[in-house]
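One structure is given below, encoded as structure tokens.
The values are calculated or read from the model by the stated rules, or taken from the named source; none is laboratory data. Given the structure is predicted, the values throughout are model-derived calculations rather than measurements. Here Cβ is always computed from backbone atoms with ideal geometry, including for glycine, and neighbour counts include all displayed protein chains.
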Protein chains: 2
Amino acid sequence: MASTRPARKTVAADVTSADTKTRILDAAESLFMEHGFEATSLRSLTAAASVNLAAVNYHFGSKEELFQAVLTRRLDPMNQERIELLERLERDTGGKMSCEKILFTMLIPALRLARDEKRGGKNFLRLLGRAYADPAPFIRHFLSAQYAEMIGRYKEAFLKALPHLSRQELTWRLHFVMGALSYTIAGTDALKLFAQVSAADKYDDELLLQRLAPFLVAGLKAPPLAESRRLELVSGN
Amino acid sequence: MASTRPARKTVAADVTSADTKTRILDAAESLFMEHGFEATSLRSLTAAASVNLAAVNYHFGSKEELFQAVLTRRLDPMNQERIELLERLERDTGGKMSCEKILFTMLIPALRLARDEKRGGKNFLRLLGRAYADPAPFIRHFLSAQYAEMIGRYKEAFLKALPHLSRQELTWRLHFVMGALSYTIAGTDALKLFAQVSAADKYDDELLLQRLAPFLVAGLKAPPLAESRRLELVSGN
DNA sequence: GTACAATTCAAACGAGCGTTTGAATCGGTT
DNA sequence: AACCGATTCAAACGCTCGTTTGAATTGTAC
């Protein structure tokens, strides 16, 4: 849907345009995070970035492609760092990785990103969490492509560390882990639902992951529900 | 933002209009779930419901009020059932409730709703999960009001069942629980990220909650991360 | 300093949005 | 059969949206 006007440039520069592109990406990251994709207009976005309205279509092709560029800028390095940490862990332990350590290789890159204020860390993670729940097909396809390799590797790693889980059971639990992680990081606003979160706590993403880690590790290690107990959940009435 | 034209009706009937209102609510539930609030237009919505475009503003006042009506219709009974189950459990056990049983009083009403096909159960739960992640202020305020009482009660109940957790730690863990639950139910589409989910599994919400329960119980029961281990997470490099 | 590509800009396009209006229609009551 | 409030309807209002256009401007190599 973009290639009718595929960005006029030969090979050169990009340094002249870098300022504009970066300003657009920064403003988009902030506004998409705050209002969501649909509710953010290119007019408010370009005004916030102090660039001309047409600059988005010139530099990125379309609003959708801008959104993907916003995600790619942070997500690619983060997921690559995850894979590198996981591979290093696998080498260092000779394949006998603990569940905790594997999970930490997922959390550490997210934590580092959250701490990198200069690169809009916290805002970006919240945007990412919201993108996960967005029904727009182009977002779902994009994320699915971005995560395919990473999720596959982690599934193999966890399978070795949690031999009591079937492949299917583990698939679900990884889903739960990603859910708690996305939702937790994305929804700092949602914490107001629960109140009583101290102001100091509120934006300390490190403390947040420190609290999340034991919760997730225990959940991953839990024995699956036995068949014999299945009906209990429903007969509770 | 609505009351400029506050729905013309005296006291009577509502039976004549029930059909139209219900058709609108059903179509809205389905379309909001599929495309999100912003991306669903009143024109497509009223067309799907086979009613006139102006019917939404006549019966509900505005698009936002329609959205709240869609949520209220299912959410109020579900949360009320949760509170009733919790109170009954508290009476039956004389205040000595297990963590599992408390959690089940949260899951059972959700499961019942998911099973009630005639009332669009699964679709609604997915819509609810998405509403949690929506940045629109009116949605956040609405949900926060809807959930205030329920969350408060569950916090007290879990505090008794999990005496090793501080109030603050528990607040976070309830947040994780709601996150995994919302995200899991909302994002059946997101499962495509992880592939390898059998077709039979895919839409069996009972099985889903059966898998989710042991994960969450183990997470809730886990000991909090000791201070001595805190730095480990970050030094992993 | 001229040429040329890259970028910026103001302006407009066409389409779709939520909402409002006032007339037409319906159903029950007198 | 005449009335009246409740509901439905077609049409329009004013507005914002993403995108496109073509001219102006900028920066750089010759």
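Overview of results
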{"read-out": "Matching entry among B:A131, B:A161 (being closer than 24 Å to B:K21 by Cα and either over 16 Å from the mean Cα position of the chain (by Cα) or among the hydrophobic types (A, V, I, L, M, F, W, C) (or both))", "value": "B:A131"}
{"read-out": "Test result for A:A133, buried (at least 18 other Cβ atoms within 10 Å of the Cβ) and farther than 22 Å from B:L208 by Cβ", "value": "no"}
{"read-out": "Residue that is farthest from the other protein chains (Cβ to nearest Cβ) [pool: residues in the range B:171-189 that are surrounded by fewer than 22 Cβ atoms within 10 Å (Cβ to Cβ) and modelled with pLDDT under 80]", "value": "B:T188"}
{"read-out": "Boolean, B:T105 is more than 16 Å from DNA strand D (Cβ to nearest atom), under 30 Å from B:R173 (Cα atoms) and either under 17 Å from the mean Cα position of the chain (by Cα) or at pLDDT 95 or above (or both)", "value": "yes"}
{"read-out": "Helices (runs of 4 or more DSSP H) contained entirely in the range B:33-102, each with at least 2 residues that are within 14 Å of another protein chain (Cβ to nearest Cβ) and on the phi < 0 side of the Ramachandran plot", "value": "B:63-93"}
{"read-out": "Filtered residues of the range A:56-102 (kept if within 16 Å of DNA strand D (Cβ to nearest atom) and over 22 Å from the mean Cα position of the chain (by Cα))", "value": "A:V56, A:N57, A:Y58, A:H59, A:G61, A:S62"}
{"read-out": "Filtered residues of the range A:110-120 (kept if buried (at least 19 other Cβ atoms within 10 Å of the Cβ) and part of a helix (DSSP H, G or I))", "value": "A:A110, A:L111, A:L113, A:A114"}
{"read-out": "Subset of the range B:16-61 [of a type in the set (G, A, S) and surrounded by fewer than 17 Cβ atoms within 10 Å (Cβ to Cβ)]", "value": "B:S17, B:A18, B:S41, B:S44, B:A47, B:A48, B:S50, B:A54"}
{"read-out": "Single condition A:G152 does not satisfy, out of (1) more than 8 Å from chain B (Cβ to nearest Cβ); (2) at pLDDT 85 or above; (3) farther than 23 Å from A:T93 by Cβ", "value": "(3)"}
{"read-out": "Tally of residues being modelled with pLDDT of 90 or more and assigned to a helix (DSSP H, G or I) across the range A:214-237", "value": "8"}
{"read-out": "Verdict on A:R140 being among the basic types (K, R) and modelled with pLDDT of 90 or more", "value": "no"}
{"read-out": "Selection within the range A:7-29 - modelled with pLDDT under 90, assigned to a helix (DSSP H, G or I) and more than 6 Å from DNA strand C (Cβ to nearest atom)", "value": "A:V15, A:A18, A:D19"}
{"read-out": "Odd one out for B:H164 among (1) assigned to a loop (DSSP other than H, G, I, E, B); (2) at pLDDT 75 or above; (3) surrounded by 13 or more Cβ atoms within 10 Å (Cβ to Cβ)", "value": "(3)"}
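Listed here are the residues, each with its yes/no results for (1) touching a Leu at 6+ places or on another chain (Cβ under 9 Å); (2) in contact (Cβ under 8 Å) with a residue 12 or more places away in the chain; (3) within 13 Å of B:I185 (Cβ to Cβ).
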position	(1), (2), (3)
B:M97	yes, yes, no
B:L107	yes, yes, yes
B:L111	yes, yes, yes
B:E117	no, no, no
B:R140	yes, no, no
B:I151	yes, yes, no
